[in-house]
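**Student:** Let me give you the structure first, and then I'll get to my questions.
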Amino acid sequence: MLLLLILLPFVGALIAAFMPAHARNREAWFTALIALSGLLLTFSQYPVISEGLSLRQEIRWFTAIDLNLVFRLDGLAWLFTALIQGICLLVVVYARYYMSPKDPVPRFFAFLLAFMGAMQGIVLSGNLIQLVMFWELTSLTSFLLIGYWHHRPDARRGARMAFTVTAFGGLCLFIGVLLLGHVAGSYDLDQVRQASTTIQAHPWYLAIVLLVAIGALSKSAQFPFHFWLPHAMAAPTPVSAFLHSATMVKAGIFLLMLLWPVLAGTPEWTWIIGTAGVCTMLVGAFLAIFQHDLKGLLAYSTISHLGLIVCLLGIGTPLAMVAAIFHTLNHAIFKASLFMAVGIIDHESGSRDMRALSGLRQVLPYTATLAIVASAAMAGVPLLNGFLSKEMFFAEALLVGSSSNWWMSAAAVLMGIFGVAYSLRFIQVFFGPVQTVKANPHEPPRWMRFPVEFLVLCCFVVGVLPELSIGPVLHGAAQSVLGQALPAYSLAIWHGVNLPLVMSVLAFVGGISFYFWLSRYCQLHQRDRVPLLHRLNGKAAYETTMLILAASAARLERQLSTRRLQPQLIWMILAGLAASIWLLSAWPTLSVSWPNDTLSLAFALLWLVGCSCAIAAAWQAKFHRLAALILVGGTGIATSVTFLWLSAPDLALTQLMVETVTTVLLLLGLRWLPARIAAKKLNLQASARDRLRRIRDLIIAISAGSALAVISYIILRQPDNATLSRFYLEKAIPEGGGSNVVNLLLVDYRSLDTLGEIAVLSIVALTVYALLRRFRPAIESIKIPPQQRNPLDPAYSQLPSQQAISGYLQIPGVYLRLLLPIILLVVAYFFLRGHNLPGGGFIAGLIFSVGLIIQYMLSGTAWVEARFKLQPHRWLSFGLVLAALTGAMAWYFDHPFLTTHTLHLDLPLLGKLHLPSALFFDLGIFAVVVGTTMLILIAIAHQTVRSHRIPAIKTETDTAEERR
């Protein structure tokens, strides 16, 4: 069930993304159905959670390092999960009427569901590394939601700012989690919670608290990271209602609550978390008073209330934790309703600017009533939910203070004064003469107002009947965090006349007086700058920091980098050579043994041919690129024969196919290069600097090649390698079910590496395709009469490559089309035999790609694509999905990810048949290799060649023959 709760939103997001555009009803009701299904699943588990128990599901992943996928549901996780799904359901119903028919609605609901899934991943994670992965996924999906209206510059800037700040916090959190798991001895949350004494006594405790605090505070928009939240208001209002009430900003709050039993209770925790919370709640509340945008006011009030919750967590007492959980729930309810009410105001009146709005109570009476009640809950008016949790906050502020240390109590009252003031500022738009931007404003459709009505009703019910409505859920959530330390507390709406009540009265009276004083004497409506804090501009600090980083990076790039490829390759080769030599010198058990075997004359001749091809290719590169490319292919063939000589047929086949494919791709790329005219043909003498450069390059190339060859030989001659080889040879058949060790390494022992490699291969192919699909290379060439062209040199030829080859080789393409069925048989042969004999998915994919390349070359692009619907993108998708699903099927048998299983069948006529799951993984590799090769080939081969005349080279012997 827990895994289903995680997967359901992501599957729904995938389906929603492919729904027809501009059909809001279908997408909205489908998204609502996904959220409702998850909510019902969550409610179905409440009987277990109400008993104080928890659910746990563990899926084996990396058992060797005790890193598994763990999902857990306790009282706190249940509360947050229900909150996320419930608010999402209401936001979806609201968004159905808010979003314009012109908006790409499928993309909106897909992003919304993906974000809900990422948040549920955080809440339900029982492994800290897994939690950080979902944490970063929320940053990515929130970036997509905030920048949904990407045609608006403010949306793009707000999305980038939010992503940069939260991603930086996520990186700090990841480092802190690594340290925390190392100290605790495990990344499992339950085991980490049991190691609180060990963690707090460790010298790394302060670093862990700082790193975790940066991650949590940046995500929850706490000081000094608070500036990104107001700029995220450029998102559609349903996004703001969801992200900034129940999800995005509550992720940091949830993390602090989750790790409270582990990290809290020390002076370091109190000063770091408590100070950040106090600063945030005061700064956010004061800034909210002077906002003119309704959403901006709600954004800064959100910052303030989140600071209140963080302050409670920093106080560190058990009752403060109860108050923090209670206020988290209350804030989500009234803040989501306020955001949606602002969306209705903007939708119907045409503006969110408070200076352009007034008297809305007369034209939007129901919406005005709902918004006023919700703002009263935000201000902490009695008989509403915000009053109860604020009273608990005042009580805890008094508890940590004393007669000589009253600053926390004063800060709490001051925050209350500011809260009343900005709540009055919010509701002022409903009074006075009617003033709107859009003519004839009216109430929204009934179902658009329903989510606001439901949430405001919750504010009233929780405020009047707290023990009955929210008491059991609050008790379960607090007990899951505090355990036996859960204190006795009361949710009664009246506790008599006490100091917290006096503080509430002072806050109300002071807030009302402060608001009217500001309105009368400070011209609140005309003020463009925030008094006292106008220099505290987080946006300016962020942009200045980004400019400094960009300038520093550019300066560093100018000093260490160059546009020329040759210096970069030189430094790369020298760095790799130095690192290899240093590692060898530091190897404690290194032993060098040189064999006394007699060198075979045939093998020596083979290497002599390969070296000669390499040297000749380097020499010919100056004059004739095609000849150099052919010679490079000769070195590849020599390498393939070497592998075959050393009893490595898999490597030989792979090398041969890779050489074939890359040669064709390089051949297509030659025509992109500008024409080169040898200096020798123009009687131009190379300068002394050029000669020194070539000598230097020659020395580096010979030294690096020789050194790396020696290093490779030394490493291969180590006794450990023989032991490792013996291990794989002995375990291949009993554990892997096959005798081809190379293939078993790829699809069984190192299958996760292979999965990562084919993923990277797919990304590279898609990147090449994206870069080249709209690019048309311009060939800098010299106009040559057709009768004087060299058809075998694509750098000079102006003919299409297919016509050039077919015209000069005179090979009818129809004959070579008959090769394709034969090639398919060869592909099937090498694919099916790969588990026991040389072959496999990678080699079969390369062979199949070579067969298609032959058809492209000799039959023409039009003929091939008219008869074969290749669609390389789908090959890539199919291969990656099949490989991942093959690995996930191991979980069905309660084994770690990508564990290979063999199905033994006894079939009539065929006899015994052994079907390993690695076969399907290999099929995924085959599909990715074919898709990658064909995608790059299509991206390169479909470009058109445009030639233009370049200025003639001015030399003393500038004749037409020499120019040619």
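Read-outs throughout are calculated quantities, based only on the coordinates presented, and are distinct from any laboratory measurement. All values reported here derive from a predicted model rather than from experimental measurement. We place every Cβ from the backbone using ideal geometry, glycine too, and count neighbours over all the protein chains shown.
**Student:** Given Cα pairs under 8 Å that are at least 6 residues apart, what percent is the relative contact order of the chain? Write down the numbers at each step before the final one.
**Tutor:** Working: 1374 pairs, mean separation 86.1, N = 964.
Here the relative contact order equals 9 percent.
**Student:** Please work out the ratio of the alpha-carbon Rg of the range 95-156 to 2.2 N^0.38 Å and round it to two decimals.
**Tutor:** On the way: Rg = 13.7 Å, N = 62, 2.2 N^0.38 = 10.6 Å.
Compactness ratio reported: 1.30.
**Student:** Quick one: grab the alpha carbon gyration tensor of the range 329-530, order the square roots of its eigenvalues as a ≥ b ≥ c, and give me rounded if a/c is under 1.5, else prolate or oblate depending on whether a/b is larger than b/c. List each step's numbers first, then the result.
**Tutor:** Working: a/c = 2.72, a/b = 1.43, b/c = 1.91.
It comes out oblate by the Cα gyration axes.
**Student:** Give the residue list of trypsin sites (Lys or Arg not before Pro) in the range 453-545 that are DSSP loop and have at most 14 other beta-carbon atoms within 10 angstrom.
**Tutor:** Values: sites: R520, R527, R529, R535, K539; in loops: R527, R529, R535.
Hits after loop and neighbour filter: R527, R529, R535.
**Student:** Right, something else. Counting only GluC sites (Glu not before Pro) that are in a DSSP loop and have at most 14 other C-beta atoms within 10 Å, tell me the longest site-free stretch of the chain. List each step's numbers first, then the result.
**Tutor:** Details: sites that count: E51, E956.
The segment 52-955 is the longest one with no such site.
**Student:** Using a Förster distance of 35 Å, how high is the FRET efficiency between L644 and T63, based on the Cβ-Cβ distance and rounded to 0.05?
**Tutor:** Numbers: r = 38 Å, r/R0 = 1.09.
It comes to 0.35.
**Student:** Just for the chain, what percent of DSSP beta bridges are antiparallel, to the closest 5? Show your work: numbers first, answer last.
**Tutor:** Working: 16 of 20 bridges.
Of those bridges, close to 80 percent are antiparallel.
**Student:** Could you give the length gained on full extension between L465 and T562, defined as 0.36 nm per residue of separation minus the Cα-Cα distance, in nm?
**Tutor:** Details: separation 97, 0.36 × 97 = 34.92 nm, distance 7.00 nm.
Using 0.36 nm per residue and subtracting the Cα-Cα distance, I get 27.9 nm.
**Student:** Please state the shape class of the range 21-171: rounded when a/c is under 1.5, otherwise prolate if a/b exceeds b/c and oblate if not, all from the C-alpha gyration tensor.
**Tutor:** Working: a/c = 2.51, a/b = 1.37, b/c = 1.84.
Judged from the Cα gyration tensor, the range 21-171 comes out oblate (a/c at least 1.5, b/c at or above a/b).
**Student:** Still on this structure, I have one more. Which pairs, out of K102/K219; K219/K335; K219/K295; K295/K539; K102/K539; K102/K335, put more than 23 Å between their alpha-carbon atoms? Before the final figure, lay out the partial values.
**Tutor:** Numbers: K102/K219 32 Å; K219/K335 18 Å; K219/K295 19 Å; K295/K539 17 Å; K102/K539 32 Å; K102/K335 28 Å.
In this structure, K102/K219; K102/K539; K102/K335 exceed 23 Å between Cα atoms.
**Student:** Let me ask another. Scan [x] 109, 65, 54; [y] 104, 68, 61; [z] 89, 69, 61 for the value of Cα extents along the principal axes in Å calculated from this model and give just the label.
**Tutor:** This structure yields the entry labelled [y].
**Student:** By how many nm would the segment from F727 to L569 grow when fully extended, if each residue of separation counts as 0.36 nm and the alpha-carbon distance is taken off?
**Tutor:** Details: separation 158, 0.36 × 158 = 56.88 nm, distance 3.75 nm.
Full extension from F727 to L569 adds 53.1 nm.
**Student:** Another question about this same structure. Show me the ranking of peptides 896-902, 209-215 by mean Cβ neighbours inside 10 Å, starting with the highest.
**Tutor:** Working: 896-902: 18.6, 209-215: 23.4.
Peptide ranking by packing, descending: 209-215, 896-902.
**Student:** Now a separate question. Where does the charge balance sit around A184 when Lys and Arg score +1, Asp and Glu -1, over other residues with C-beta under 15 Å from its C-beta? Show your work: numbers first, answer last.
**Tutor:** On the way: positive: R193; negative: D66, D188, D190.
Residues near A184 contribute -2 overall.
**Student:** Quick check: residue separation of V505 and K438 times 0.36 nm, minus the Cα distance between them. What number comes out in nm?
**Tutor:** Details: separation 67, 0.36 × 67 = 24.12 nm, distance 3.95 nm.
Contour length minus the Cα-Cα distance gives 20.2 nm.
**Student:** Assign one of three labels to the range 164-242, namely rounded, prolate or oblate, based on the Cα gyration tensor with a ≥ b ≥ c the square roots of its eigenvalues; rounded applies when a/c is under 1.5, prolate when it is not and a/b is larger than b/c, and oblate otherwise.
**Tutor:** On the way: a/c = 3.31, a/b = 2.38, b/c = 1.39.
Cα axes put the range 164-242 in the prolate bin.
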